[in-house]
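Before any comments, here is the structure.
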Ligand SMILES: Cc1cc2nc3c(=O)[nH]c(=O)nc-3n(C[C@H](O)[C@H](O)[C@H](O)COP(=O)(O)OP(=O)(O)OC[C@H]3O[C@@H](n4cnc5c(N)ncnc54)[C@H](O)[C@@H]3O)c2cc1C
Ligand SMILES: Cc1cc2nc3c(=O)[nH]c(=O)nc-3n(C[C@H](O)[C@H](O)[C@H](O)COP(=O)(O)O)c2cc1C
Ligand code: SF4
Ligand code: SF4
């Protein structure tokens, strides 16, 4: 097989990354030894967990994490009621100095901050700059205990506040790139991102966890996580939120035009690649690392490199936004596309799941024939694709173009 | 409807011929199995693998859609990834301590390994680049798994490696011992082709009788991986009758004649003496060649037999009669041909020691079977011809080569040995593991000499 040399390096806000994979602001970046371990393993950079000024009290509660399982799968999603770091800027600035000294330009050291007022934000920025930070990320989207103008609300849920705080930060940061981490929990995310842009930020981090209620213990009626008999809403992360993140990234890439670092639901290199195809330049990981360890960086790099070799794409840059032209408004989709379902009986195991789906959720186009063999009536089939999603076998059901007109119900 | 995606053929189908018993996973099956793996922190599976394959890492790579990374990971530790995936007694090795056993059933590690190797060989990905050519010649005697592993490792390091093999085809017992329903020869040859692509030369039909000549031909180091090509005999009365064979000659006959036999003849009723994997293979081959009843007789009890539990189960499923804790007394014949077998029940003198000298016959338990064919499968021994030609090399017992642990150095400088000829008969993966270590030692030796 022919292969081409591949370079995983990428530039983001003028900063060079060895590969597009970064540790996001979260527990895996909240301890110096852990950070060193992760960066040594090959993560291109880390965003140190969100810090604040010394006088800001951070009182955590435990337990703070609850996993979302689906059937036998653990951590399909993960909820947390963590807050920003307990460690304040005095410690974080020291960590940055140590890491910069140890890793130099080989790794990107970013730090996340959050403040209550202008002086705090600008003070944090100045101290990070003095410590030699490469990028400053601002958490405008912590779902818990935010310090925005309205208690409990996220900063990025207010468009004017978003623009104003961004401006405060950028004016203090000057040449140091500023990234604003926004939330998908808004009515008009494009407007928020435009406010970020107007405020002068260099990039957007899209998007954080989704406020959620993680489930209830039906014996005692107390939802998870149970903190001495009470709970609060969690931030949902992990695979479950990936589709939301993809939507946000692609929408912002198409409209706002600021570089994006993606976060929310990436586990493997394919997820990360999808983020990039939607327009993200780099991809951040948290839940996947918390679940499987820093080791996964090896598979992220190797997997993406092998893919690029086989595709004949030598630069990561050439992947960014490659899927955007294929995403349009609903009105712009073809009304003439006529496809019908075709079942490969050699692969079919006669489970009848397609039959169920089509009978009770589709158009009654599938019948079970001899020996429970599913048969599609092409005229009745609308080509909705439900059977394909339900079928347990890969590539067993295919949607193919059809000439046959479809029968419309008369009663 | 036939079971299209299950990976093991049903016994009735298996017995019809030499089709491979276990089929390779489909992608979704591999993914499903990989996603059952817990990816344990201190993975006990890796500790159970003689070659030290990082099992958790390769399974994680399958799960994280990095198949090429997975095969790289396995091949770095075991160049015969696909072959070992098919023949490793995993229940006794990596799978033994799998943490998943406490949840439901252990991960089918071997099947996953087989799957990644298969995907790779189908796509014919080229081996990773050789290091700078060293122009130093190394000779390998024997192309079994030990020789192949040494050769692949040294070729990767840039040495000029030539394997000398007495037989017509390379592979050792992989090619001439393990029958096709467990290991098709195409699978062996594919992986050998892969090793040739790294730059290893293989000269078949070249039996080395004298290692001094190799040194004279400018080979700077020699590796001996000649295995145990001889068959041990019990020394029973009637052993020389027509219709009495050793398992090795029988299996070689079946394999070289693609599921038929020329030198050996399997009758309707067969008795196989022995309780190891070789006995299981002989019994399952006899069934496939049309024997109506195959009795396996062995000294050990069912749980004491040295064969892998999986192989034992496979034979049992196919209908081999397994007679445990019996000792052969004699082979009965008439007009020079085998007509029967006579044995007796035994108990152990000392518990836990399963060797003939520890067996006490139980009076009154004598029994006889009417048989047409007797196959002896009680162990392999060195080829005495070989040993004589290897001057200056210390041996033990019937000609096992004595080599240092870890470095596999023999008593003669520049000569190394590993595999069955040193460990007295183990597994393919053990031969690979020892071959890997020997290759490191040879590299160190040659570097020091320069
Ligand atoms: C029937 C059978 C079933 C088995 N099943 C399994 C199994 O399921 N799983 C498993 O892991 N192991 C199994 N084994 C054991 C496994 O095959 C051996 O442990 C392994 O092949 C040993 O490798 P080796 O390289 O030491 O020797 P071999 O594989 O024996 O190779 C030695 C080679 O050296 C050649 N040779 C010998 N003398 C010379 C000479 N003077 N010059 C040139 N060439 C020479 C021989 O022709 C042979 O090709 C089985 C063995 C048998 C017999
Ligand atoms: C326990 C926990 C703590 C987090 N703390 C922070 C934080 O302090 N600042 C921040 O910007 N994001 C924080 N996050 C959000 C993550 O950085 C990340 O954006 C989010 O989990 C989505 O990505 P993922 O699906 O890869 O986990 C936290 C997430 C978790 C699970
Ligand atoms: S869902 Fe798939 S496998 Fe099941 S009957 Fe339909 S086509 Fe066959
Ligand atoms: S012991 Fe079993 S579950 Fe654990 S890593 Fe190994 S194969 Fe996976």
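Please treat every number below as a calculation from the coordinates, not as lab data. Keep in mind that this is a model prediction, so the values were computed, not measured. Cβ atoms come from the backbone with ideal geometry, glycine included; neighbour counts cover every protein chain shown.
Assorted remarks:
- Interatomic Cα distance distribution for chain A, bins of 20 angstrom, percent: 24, 50, 23, 3
- Nearest 10 degrees, 0 to 90: helix A:242-255 Cα axis against chain A principal axis: 70
- Annotation: peptides A:211-224, B:419-432, ranked by per-residue average of other Cβ atoms within 10 Å with the highest first, follow the order B:419-432, A:211-224.
- Stretching the chain fully between residue A:33 and residue A:377 yields a gain of 117.6 nm (0.36 nm per residue, less the alpha carbon separation).
- Angle between chain A longest axis and helix A:296-311 axis [Cα atoms, degrees, rounded to 10]: 60
- Linear extension gain, residue B:353 paired with residue B:292, 0.36 nm per residue minus alpha-carbon span: 18.6 nm
- Rounded Å value of the spacing that divides the Cα centres of region B:360-428 and region A:213-269: 63
- Take each peptide in A:17-26, B:44-53, count the other Cβ atoms within 10 Å of every residue, and average; sorted highest first, the result is A:17-26, B:44-53.
- Once the Cα atoms are used to define both axes, helix A:32-41 deviates from the longest principal axis of chain A by about 50 degrees.
- Here the label points at residue B:402 and residue A:350, each 7 Å from Cα along the C-beta direction, are separated by 6.6 nm in the simple model.
- FRET efficiency for the pair residue B:10 and residue A:72, taken as 1/(1 + (r/R0)^6) with r the Cβ-Cβ distance and R0 = 25 Å, rounds to 0.35.
- Derived from the Cα gyration tensor, the three semi-axes of the equivalent ellipsoid of the protein assembly as shown are 61, 35, 25 Å, largest first.
- Every helix of 4 or more DSSP H residues in chain A counts as -39500 (n - 2.57), and over all residues that averages to -9000 deg cm²/dmol at 222 nm.
- Look at the stretch B:66-73: the mean tally of other chain Cβ atoms within 10 Å of its residues' Cβ atoms is 5.
- Peptide A:303-316 has a mean shielding of 2, counted as Cβ atoms of other protein chains within 10 Å of each residue's Cβ.
- Inter-centroid distance (Cα atoms) of region A:195-211 relative to region B:87-165, Å: 49
- Calculated FRET efficiency, residue A:230 to residue A:90, Cβ-Cβ distance, R0 = 41 Å: about 0.80 to the nearest 0.05.
- Potential lengthening of the chain between residue A:221 and residue A:171 amounts to 13.1 nm, from the contour at 0.36 nm per residue minus the alpha-carbon distance.
- Over region B:92-207: Kirkwood hydrodynamic radius from C-alpha pairwise inverse distances, Å: 15.9
- Taking the average, over residues, of other Cβ atoms within 10 Å as the packing measure, peptides B:353-362, A:43-52, A:77-86 rank A:43-52, A:77-86, B:353-362 from highest down.
- Theoretical FRET efficiency, 1/(1+(r/R0)^6), r = Cβ-Cβ of residue A:399 and residue B:263, R0 35 Å, to 0.05: 0.05
- Ellipsoid semi-axes in whole angstrom, largest first, where each is sqrt(5λ) of the Cα gyration tensor of chain B: 36, 29, 20
- Converting the Cα gyration tensor eigenvalues of region B:1-124 into ellipsoid dimensions via √(5λ) gives semi-axes, longest first, of 23, 17, 15 Å.
- Average beta-carbon neighbours from other chains, 10 Å sphere, peptide A:291-300: 4
- Its DSSP H runs of at least 4 residues, each contributing -39,500 (n - 2.57), put the calculated 222 nm mean residue ellipticity of chain B at -10500 deg cm²/dmol, to the nearest 500.
- Averaging the Cα positions of each part gives two centres, and for region A:364-393 and region A:46-105 these lie 48 Å apart.
- The modelled label-to-label distance for the pair residue A:315/residue A:255, using points 7 Å beyond Cα in the direction of Cβ, is 3.0 nm.
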